[in-house]
Structures are given as C-alpha cells and as structure tokens.
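Peer 1: Structure in structure tokens, see below.
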Amino acid sequence: MLEQEKLIKVDARKAAVVTYDLSPGQMKKNAAEYFIPRREGILGISQSGSYLLEPLWKEGLRKWDDNDWESLRRGIMDPSLNMVSIPVEFYLLAVGALDNRLAMNLLWETVRYLRFPYLTNGMETLTGRKELAGFSREETIEALRAEAAHSYGRSLQALFAFMDEMSLDPGLKDAAPIPFHWNIYRQRPQLRYSFASLLIRKILKGTYPQGTYLPSLPQLVDRYGIPLMTVRRTLGLLEELGMTRSYHGKGTLVCMEPADIDLSRSSIREGIRLYVESLQLLHLTVQNIFLCTWESADPAKRAALIRHFLFLQSEEKSYLCFEACLTFIEDHCPLSTVRECYGSIKVLMVWKYPLILSRLKNRSLHAEYRDCVSRLTSFLQEERPEMFSSELKHLWEQEEQQVRAFLS
C-alpha cells in the first residue's frame, strides 16, 4: 500500500527506500496541525516539569553507578551514538536508574507528546564537549540541567511563535484541543485492570457493601458497558485477590477477606508492580504537588477536605483518606499534567487494599491507618500544610518499603 501511494520504493534485493518528499509548505502545515491542538497540553507539561519529572531524575542520579556516568560521557563525546538528544538521554539514564517502568513510561509519554522541542540535539551552545567531559559529576549535572532548560526554553519559545503565526489560518485556529493523556503501557489487557480497580473502589466506598452480592453479570455488562468475557475475567481476578467469592446460582458475594495471593500469576504481578511503582512516584513528588494544590485551592475546598477526613474517620474508614488526597489533587491542582497523572495513579493505587488485607490477616484496615490519619487531619486543622505534605511523603515511602519487604 505504501508503494502504491508512492511513499516508498521497494527493491526485492534491498531494504525499502522512502521516496515521499514533502514541500516546505506542506511540512509547515503538518507541523501546525499537530501542535496547535496540543498547545495547552505542551504548556501544561512545561509548567509541571519541576513538580513531576525533576524529583524523579534527581532521585535517579543518587542511584547512578560508574557505568551510568561512563554511558553519559560517551554520549557527550560522540553525539552520533545517541538516538535522542543528549538532554533527553541524560533524563532517560537518570530516571532509568529508579528501575521503575511506570516512571520511565511517564517520561517517554511526555517526550512523545512534546515531539518537536526535542528533535534537535540540544548541545549546540556548550563551549566544548571535551571540556564538559572533564567536569566533575556535580559540574556535569549542573551543566546538562542548565543546557536542557535553556534548549527547551528556546525551542518552546520558537514553537509558540510558530503556533501564533499559523493560528491565523482560519482552518487551524479553531482546531479542537488534544490534551496530554498518560497512556500507561501494560503487559496485560488494560480494560480488565481498570474495571477491577473501579469495582474495588466501589466496594470500599460502600456502593457494594461487604456481605452483599454484586449485580449479576448481565447487569454489570449493561451498567458499565464492559464485554461479558471481560466481566467474567475481572470477577475471577477479584476472587483471587480475596475481594469477592462466587457462588454458582447465587452470584458474587463481596467479602474482603485476607487471601493467599498467588504472586506467581502474571495477572496479579502486573497490578502489584504498578501499585508499588506508583508508591515510589507518589513519595518522590507529592510534597510540593500537595502544597501547590493546597495554596491554590479556595478556603471552601480546603475545609471540604478536612470535613471529609473527619467523616471517614467517624465511619471507621480512615484508609480511604489517602485516596481523598489524590482526589483533592486531581480535582484542584492548577497544573493540568499533574491532574492527569495523579488521576491515573489513583486508579493504580487500589491494588493496595487486597495486598494489605493479605498482610494484616485479620487486623482492621481502619485500625492500621487510624493514628497516622489522625495526625494528618490535625495538621490540616492547624493550617500546617507543610507538615501534612511531609508526613504524607513519609507514609507513602514507608508503605513502599513495607510492600517490597512483604513481596520479597
């Protein structure tokens, strides 16, 4: 088909050759059609970078070994070795040191969405690569960070000037916006996990209380628009996690019992991996993100969060306060990219409940979190958001360590 469209030339003895040649005018139009609808999304990523991505690469740098530094130095000395620009290579190496596929996925998704600002090498203004190669590690980090910021800022400025110019075209200025969407890569079908997360959240919030039956299979299909086979597989997954128990002829009972979770099953491992990696992303980023959200929220929204915390404690559901924090950020953070990412993380975090039930055995979920949630509530009531965000960071870091120890 590509050959018929005269986009490539095929020779049986050689690799296909691209023959498609765009005129400068068409290239300009294609670029405008891509970027103009993404204008607000690109701006959102730019504004969110110091909150979402910078903490990740800084933590990754702490984990670098000599081999990582040598890879970076080789790239600096010979840019032809790099498939991407050196600033992006720097960030990829740093975030890669976290051994967190979710974090790496987030970085790649932002690079993919931005596209144009990262097409150039980004090292043109450095006085000399040989000089940079002789820098200390700290000097190298600072030089690359400053150069990446300068290169990105320059590219962004040029890109927005280009969009302003092309937006004068009546056919382009009214293009429907295409916001940034974090597409989380999974090794397993995504719909089953998303539906399982939804049902777990509804069980925890009391939509489907413990001791009651879930709607029938046809009702679940109609209510949520999920294929019957996916519903069956999702209920099977919930039973493996101890959240439900199926009785043929009667239905699916909500039980929330500690289960001997089979960690060898790929379907279980995938969900737990994403949960553990989400915990790491949260404790590395939440402190400044919560403060930014709290400071920008009006007093009524702040008061509503405090009331919700108090209500959940009175209902002996203190464990839901952490999701309430994520919802508060998702709803009220002024940074669109943060809202998108924290909304996705909130879905992944529901895997904590079956895992914690398994770890606690017959101990109460509410009792496990009662004291720490009481402290968090006091910090908000006393208008000490810095202490709240610091405690939240500590709790999620501690939880990550506990889960990794439990799984090892």
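Peer 1: Name every residue in region 148-203 that is within 30 Å of Met229 (Cα to Cα) and of a type in the set (Val, Ile, Thr), in order of residue number.
Peer 2: Scanning region 148-203 gives Ile184, Ile200, Ile203.
Here's the yes/no breakdown for (1) part of a loop (DSSP other than H, G, I, E, B); (2) under 25 Å from the mean Cα position of the chain (by Cα); (3) more than 25 Å from Glu323 (Cα to Cα); (4) not hydrophobic (A, V, I, L, M, F, W, C):
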residue: Leu220; (1), (2), (3), (4): no, no, no, no
residue: Thr230; (1), (2), (3), (4): no, yes, yes, yes
residue: Gly242; (1), (2), (3), (4): yes, no, no, yes
residue: Pro258; (1), (2), (3), (4): yes, no, no, yes
residue: Ile268; (1), (2), (3), (4): no, yes, no, no
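Peer 1: Assess whether Thr285 counts as being over 28 Å from the mean Cα position of the chain (by Cα) and either buried (at least 20 other Cβ atoms within 10 Å of the Cβ) or not in a helix (DSSP H, G or I) (or both).
Peer 2: no
Peer 1: Follow-up question, since we're still on this one. Tally time: how many residues in region 282-296 are closer than 30 Å to Ser364 by Cβ and in contact with an Asp or Glu (Cβ under 8 Å, 6 or more places away or on another chain)?
Peer 2: So the count comes out to 2.
Peer 1: With the checklist (1) at pLDDT 75 or above; (2) closer than 30 Å to Ser278 by Cα; (3) in contact with a Phe, Trp or Tyr (Cβ under 8 Å, 6 or more places away or on another chain) in hand, flag the one item Phe116 doesn't pass.
Peer 2: Of (1) at pLDDT 75 or above; (2) closer than 30 Å to Ser278 by Cα; (3) in contact with a Phe, Trp or Tyr (Cβ under 8 Å, 6 or more places away or on another chain), only one is false for Phe116: (1).
Peer 1: If you don't mind, another one. When residues of region 227-243 are filtered for being crowded, with 17+ Cβ neighbours inside 10 Å, within 16 Å of Ser216 (Cβ to Cβ) and among the aliphatic types (A, V, I, L, M), how many remain?
Peer 2: 3
Peer 1: For region 162-177, name all the residues that are over 30 Å from the mean Cα position of the chain (by Cα), in contact (Cβ under 8 Å) with a residue 24 or more places away in the chain and not in a loop (DSSP other than H, G, I, E, B).
Peer 2: Result: Met166, Leu172, Lys173.
Peer 1: Right, something else. Could you list, in sequence order, the residues of region 178-207 that are within 24 Å of Ala324 (Cα to Cα), touching a residue at least 24 places away in the same chain (Cβ under 8 Å) and not in a helix (DSSP H, G or I)?
Peer 2: Correct list: Phe180, His181, Trp182, Asn183, Ile184.
Peer 1: Identify, please: which residue in region 358-367 is outside any loop (DSSP other than H, G, I, E, B) and in contact with a Lys or Arg (Cβ under 9 Å, 6 or more places away or on another chain) and is, among those, modelled with the highest pLDDT?
Peer 2: Filtering first and then ranking leaves His366.
Peer 1: Separate question: What residue, of Tyr224, Tyr185, Tyr213, is surrounded by fewer than 18 Cβ atoms within 10 Å (Cβ to Cβ), outside the structural domain of Leu274 (by TED's automatic domain parsing) and at pLDDT below 90?
Peer 2: One residue alone meets the criteria, Tyr185.
The values are calculated or read from the model by the stated rules, or taken from the named source; none is laboratory data. No experiment lies behind these values; they were computed from the predicted model shown. Using ideal geometry, Cβ is built from the backbone for each residue, glycine included, and neighbour counts are taken over all protein chains shown.
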